[in-house]
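Here's the structure we're looking at; comments come further down.
Every number in this text was worked out from the coordinates using simple rules, so none of it is lab data. Given the structure is predicted, the values throughout are model-derived calculations rather than measurements. Backbone-built Cβ (ideal geometry, glycine too); neighbour counts: all protein chains shown.
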Amino acid sequence: MQKSSIKISEMLVKLFFFASLLLFTQISVGQNKISVHDPVMIRENDTFYLFSTGWGINVWSSTDMKNWTDEKPVFDNPPKWAVEAVDGFKGHIWAPDISFYKGQYYLYYSVSAFGKNTSCIGLATNKTLNANDPDFKWVDHGKIIQSFPNKTNWNAIDPNLIVDEQGQAFLSFGSFWDGIKLVKLSDDAMSVDDDLTEIPTIASRKEDSRLPNPPAIDNNPVDAGGNAIEAPFILKKDGYYYLFASIDYCCKGVNSNYKMIVGRSKNVNGPYLDRDNKPMNTGGGTILLTGNKDWYGLGHNATVSFDGTDYLIFHAYDASDNGNPKLLIKEINWDKDQWPTVKL
């Protein structure tokens, strides 16, 4: 009996130790920021869900937007269509976008080769985001749009769904090449309902859209060129459509100089103008956030609104951790002229 009691006591001590370690790990993750790239967020009931770039698409859950639990990825295996469409694709999926549309969750995602516009945007849907719900199941609908080297002067990555006042769904997307594009979607938002040879550019760093793409600088991919703008996100608020985008360079750790810009329009199709009324499709864009001594660069944002408060969701390169990307969530304030302001 004495030996059994000792064994039980030892077991209880070990269980307490591992439970404490698990709790500490979860709290530490929340306090020290989880490592993510290209985050988007949504809430279902009392749980917040975060999706980000990763193998099969990374998923996190939280009840307070501070302490995050790592969930199972969206895809166990790379989608077969994506492996066939993009040479060398192994399952590392970029820049997801999550929305609730027509009774289910729409998750657009990017499949690409770095520095090339050999790219596709895919779509998966789910009735719920709660993995314990019997209705939980990701259904992949395959390719929505594709870009091709030497054929399309745009890059089919970084999707974002926006629905206008009339209920029409659009998809903004783009990275480098000619800039940010906007296409009209079908009624079910599962296919493009536009002429892809004439889709408009709604944001670019080029001041003259008729000019060729500027050349790449430093050691950046030659094919991508130097029109360093990407990651659109459109927020509909108080009569305006606000277009957020990221400029300059991500993905360089301590050398990242990523930053965010914003413009707005009364029409989802644009033109999007900055504070100085300069069109975003000819080099305009008001700087919203830039890096500082604590964060080398920041960008690829999303916005969410919970209980009357607007938030900016983005990643930033941590100066205290060798430039690794971390999740940041900041409240958006609005000035007297209805422009967003954010404190880092």
For the range 33-47, Karplus-derived ³J(HN,Hα) couplings (6.51, -1.76, 1.60; θ = phi - 60°; whole Hz; x for glycine and proline) come out as 6, 6, 8, 9, 9, 6, x, 9, 9, 8, 10, 10, 6, 9, 10
Under 5 Å from the placed amide H of residue 288, counting only residues 5+ away or on other chains, we find 260, 261, 262
Expressed as a whole-number percentage, the relative contact order of the range 157-316 with C-alpha contacts under 8 angstrom and at least six residues apart is 18 percent
Non-local residues with an amide H under 5 Å from the amide H of residue 93, with H modelled 1.01 Å from N and Pro and chain starts lacking one, are 54, 55, 56, 57
Straight-line reach check, residue 236, cutoff 12 Å on alpha carbons, 8 or more apart in-chain or any other chain, hits among aspartates and glutamates -> 164, 165, 310
Between the residues 228, 99, 209, the Cα farthest towards the positive end of the dipole of the chain, that dipole coming from +1 and -1 charges on the beta-carbon of Lys, Arg, Asp and Glu, is from 228
The aspartates and glutamates whose Cα lies under 16 Å from the Cα of residue 293, excluding any fewer than 8 residues away in the same chain, are 318, 321
Scalar couplings 3J(HN,Hα) for the range 219-235 by Karplus 6.51 cos²θ - 1.76 cosθ + 1.60 (θ = phi - 60°), nearest whole Hz, x for Gly and Pro, are 9, 7, x, 4, 4, 5, x, x, 7, 7, 9, 6, 6, x, 8, 10, 10
Heads up, the chain by the C-alpha gyration tensor (a ≥ b ≥ c square roots of eigenvalues; a/c under 1.5 rounded, else a/b over b/c prolate, else oblate) looks prolate
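Treating the beta-carbon of each Lys and Arg as +1 and of each Asp and Glu as -1, no other charges, what is the dipole magnitude of the chain about its Cα centre, to the nearest 20 debye?
Working: 33 positive and 41 negative charges, 150 e Å.
Here the size comes out at about 720 debye.
Within the set of other residues whose C-beta is less than 10 Å from the C-beta of residue 173, count the net charge using Lys and Arg as +1 and Asp and Glu as -1. Don't skip to the end; give the middle numbers.
Values: positive: 181; negative: 97, 158, 230.
Around residue 173, the charge tally is -2.
Taking square-rooted eigenvalues a ≥ b ≥ c of the alpha carbon gyration tensor, is the range 69-217 rounded, prolate or oblate, where a/c under 1.5 means rounded and, failing that, a/b exceeding b/c means prolate?
Values: a/c = 2.23, a/b = 1.45, b/c = 1.54.
Verdict is oblate for the range 69-217.
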Looks like the range 203-282, by Cα gyration tensor root eigenvalues a ≥ b ≥ c and the a/c under 1.5 rounded cutoff (else prolate when a/b is bigger than b/c, oblate otherwise), is oblate
The farthest towards the positive end of the charge dipole of the chain, of the residues 328, 154, 286, given +1 on Cβ of Lys and Arg and -1 on Cβ of Asp and Glu, is 328
Within the under-13-Å Cβ sphere about residue 108, not counting residue 108, Lys/Arg +1 and Asp/Glu -1 give a net charge of -3
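Report relative contact order for the chain in percent, whole number only (criteria: Cα-Cα under 8 Å, sequence separation at least 6). Present the calculation step by step, with values, prior to reporting the outcome.
On the way: 868 pairs, mean separation 40.0, N = 344.
About 12 percent, as a whole number.
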Restricting to lysines and to Cα separations under 18 Å from residue 237, and discarding same-chain partners fewer than 8 apart, the set is 266, 330, 336
Rounded to the nearest 10 degrees, the helix 2-32 long axis (Cα) sits at an angle to the longest Cα principal axis of the chain of 20 degrees
At the level of C-alpha centres, the distance separating the range 214-269 and the range 298-344, in angstrom, is 15 Å
Only helices counted: for the chain, with every DSSP H run of 4 or more residues adding -39500 (n - 2.57) and the sum spread over all residues, [θ] at 222 nm is -3500 deg cm²/dmol
The distance between the Cα centres of the range 34-100 and the range 121-179, in whole Å, is 13 Å
Amide H neighbours of residue 145 at under 5 Å, excluding residues fewer than 5 places away on the same chain, with H built from the backbone geometry, are 121
Check: in the range 106-164 the Lys pairs 8 or more apart or on separate chains whose Cα atoms fall under 23 Å apart number 5
